[in-house]
1. If I filter the stretch 262-284 down to residues being over 12 Å from residue 10 (Cα atoms) and not in a helix (DSSP H, G or I), which single residue comes out as farthest from the chain's Cα centre (by Cα)?
2. Quick check: is even one residue across the stretch 37-49 in the same structural domain as residue 269 (by TED's automatic domain parsing), loosely packed, with under 13 Cβ neighbours inside 10 Å, within 11 Å of the ligand (Cβ to nearest atom) and not small (Gly, Ala, Ser)?
3. Tell me, please, whether a residue that is in a loop (DSSP other than H, G, I, E, B) and either within 12 Å of the ligand (Cβ to nearest atom) or touching a Cys at 6+ places or on another chain (Cβ under 8 Å) (or both) can be found in the stretch 27-35.
4. Which numbered condition in (1) modelled with pLDDT under 95; (2) small (Gly, Ala, Ser); (3) more than 14 Å from the ligand (Cβ to nearest atom) is the only one that residue 89 fails?
5. Which residue is farthest from the ligand (Cβ to nearest atom), if the candidates are limited to the stretch 222-261 and must be in a helix (DSSP H, G or I) and among the hydroxyl-bearing types (Ser, Thr, Tyr)?
6. Against the condition at pLDDT below 90, within 16 Å of the ligand (Cβ to nearest atom) and either more than 24 Å from residue 144 (Cα to Cα) or not assigned by TED's automatic domain parsing to the domain that holds residue 86 (or both), how does residue 204 come out, does it pass?
7. Taking the stretch 97-153, which residues are surrounded by fewer than 20 Cβ atoms within 10 Å (Cβ to Cβ), touching a helix residue (DSSP H, G or I) at 6+ places or on another chain (Cβ under 8 Å) and in a strand (DSSP E or B)?
8. Could you check, for the stretch 39-47, whether at least one of its residues is more than 21 Å from residue 120 (Cα to Cα) and in contact with a helix residue (DSSP H, G or I) (Cβ under 9 Å, 6 or more places away or on another chain)?
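The values are calculated or read from the model by the stated rules, or taken from the named source; none is laboratory data. In this text, all values refer to a predicted model and were calculated from it rather than measured experimentally. Cβ coordinates were reconstructed from backbone atoms using ideal geometry, including for glycine residues, and neighbour counts include every protein chain displayed.
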Amino acid sequence: MNLFPSDRSIADRFNPDANLVLYRGDARDSIETIPSNSIALIVTSPPYNIGKDYEQKTALEQYLKTQEKTIGELYRVLREDGSICWQVGNFIQNGEVYPLDIFYYDIFKKLNMFLRNRIVWHYGHGLHAKKRFSGRYETILWFSKSDNYIFNLDPVRVPSKYPGKRHYKGAKKGQLSGNKKGKNPSDVWEIVVKDWEDAIWDIPNVKSNHPEKTNHPCQYPVELVERCVLALTNEDDWVFDPYAGTGTSLIAAIKNNRRAMGSEKEADYIEIAKKRINSYYDGSLRTRPLGKPVYVPTGKEKVSQIPEEWKDNVQMNLFEEEKESK
Ligand SMILES: C[S@@+](CC[C@H](N)C(=O)[O-])C[C@H]1O[C@@H](n2cnc3c(N)ncnc32)[C@H](O)[C@@H]1O
């Protein structure tokens, strides 16, 4: 079934006959417009309470209390076979790190939801910390509402590293041990550079040189959401992002023939989201293709070579020798 591009209209509130909804206003008000048990996947990156332009920073307890109420409402609209993917990073106070997923975990468990994966989204770039190790990952908590949940592995498999590997003993000795459709993408991050390309949630963070970047300070990549959409919903299902920002989740959904709804309180972001959706329809939206390998410098680029000024540094010389021995 191909829902798009036959109907490209964008409704401004939930309507069971619509394909695409963008609600301008508070997430809680938008959820009230949605009937119970109607959404297959809620996928979002909520405000982190870190004082971005679009949020008022409050005490962590207060922030979590407000979010708990919203999540209770989200639970109501979620289908029995549905899932929530909650993408968060850290709340930082006086230099101390509070990983938000640790706090959110309890909120979902109180609703008797089931954690299926804590996915680590690793990215290679970001701020350089001075008094702790630089943060290079965030997480996605994937909770299902029941034991009977949608999970389609085949559309998100990734190429096997060793497709020719065979069983070396037992009844299957000599037979191929892998799956010709590829391997399970896994939920883990790898720190060994050469493995990064195969490692799974290593989707570049949306930074200024990324094809998807807009003026929004905290966009996530379409590719990241597509994995959740393809694995956790079927065609024609509803995908909902209560904190839609620039509409990334909606694009990931319509790209894969799902219905999509988003709510966003900032008018500017609603406008960006509409523009991005329209450019998706007219074929001009640039997104990073699902599964495209992460770029690994060859060492020949000027920026990846040790500059003359640093060549007297012993540690730098060791790095160089290490590079050459590979
Ligand atoms: C982390 S950003 C999400 C960005 C989005 N994932 C994207 O790729 O563009 C959180 C968004 O939630 C919006 N927001 C914050 N509080 C909200 C609320 N109570 N209701 C609706 N939107 C809200 C912010 O304006 C911001 O755009």
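1. So the residue we want is 282.
2. Among the residues of the stretch 37-49, not one is in the same structural domain as residue 269 (by TED's automatic domain parsing), loosely packed, with under 13 Cβ neighbours inside 10 Å, within 11 Å of the ligand (Cβ to nearest atom) and not small (Gly, Ala, Ser), which makes the answer no.
3. The answer is no, given that none of the residues of the stretch 27-35 is in a loop (DSSP other than H, G, I, E, B) and either within 12 Å of the ligand (Cβ to nearest atom) or touching a Cys at 6+ places or on another chain (Cβ under 8 Å) (or both).
4. (3)
5. Here is the first cut: in the stretch 222-261, the ones in a helix (DSSP H, G or I) are 222-232, 248-254.
From what's left, among the hydroxyl-bearing types (Ser, Thr, Tyr): 248-249.
Details: 248: 3, 249: 6 Å.
Here the residue is 249.
6. Against the criterion (at pLDDT below 90, within 16 Å of the ligand (Cβ to nearest atom) and either more than 24 Å from residue 144 (Cα to Cα) or not assigned by TED's automatic domain parsing to the domain that holds residue 86 (or both)), residue 204 qualifies.
7. Those that are surrounded by fewer than 20 Cβ atoms within 10 Å (Cβ to Cβ), touching a helix residue (DSSP H, G or I) at 6+ places or on another chain (Cβ under 8 Å) and in a strand (DSSP E or B): 98, 115, 118.
8. Yes, because at least one residue in the stretch 39-47 is more than 21 Å from residue 120 (Cα to Cα) and in contact with a helix residue (DSSP H, G or I) (Cβ under 9 Å, 6 or more places away or on another chain).
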